[in-house]
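Each reported figure results from applying straightforward, stated rules to the coordinates on display, with no laboratory input. Computed from a predicted model, the values in this text were never measured in an experiment. Heads up, the Cβs are rebuilt from the backbone with ideal geometry, glycines too, and the neighbour counts pull from every protein chain shown.
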Amino acid sequence: MLAVTEKILGPEPYFVEMRHVVDATLDERDPARLSAYVETVARQIGLTLGVFHAEVRMTRDGPTLIEIAVRLGGD
């Protein structure tokens, strides 16, 4: 299952999280790209079973991992 949240951040240098938007507006190809990327990262570090939360930033070059942890998503 994939749930995508857009984070609205405050200005530099602190980037305080101002709000979240669920489901984020994505390009039609992005959900598949995100899912494949996160699955690859999870496998590479040995996460093969259970729930985890990943934060990924979409860049011009594609997805980039910010954080991954064995926990449910949310604040």
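Structure above, values below:
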item: Percentage relative contact order, the chain, counting C-alpha pairs under 8 Å, at least six apart; result: 20
item: The range 5-69 pair-distance distribution - Cα-Cα, 10 Å bins, rounded %; result: 18, 49, 29, 4
item: Neighbour-limited loop hits for trypsin sites (Lys or Arg not before Pro), the chain (at most 15 other Cβ within 10 Å; DSSP other than H, G, I, E, B); result: 29, 60, 71
item: On Cα atoms only, tilt of 30-44 relative to the major axis of the chain in degrees; result: 50
item: Test item: Cα-centred dipole of the range 5-69, Lys/Arg +1 and Asp/Glu -1 on Cβ, debye; result: 120
item: Potential lengthening between residue 71 and residue 23 on full extension [0.36 nm per residue; Cα-Cα distance subtracted]; result: 15.3 nm
item: Potential extension, residue 15-residue 49 segment - 0.36 nm per residue separation minus Cα distance; result: 9.0 nm
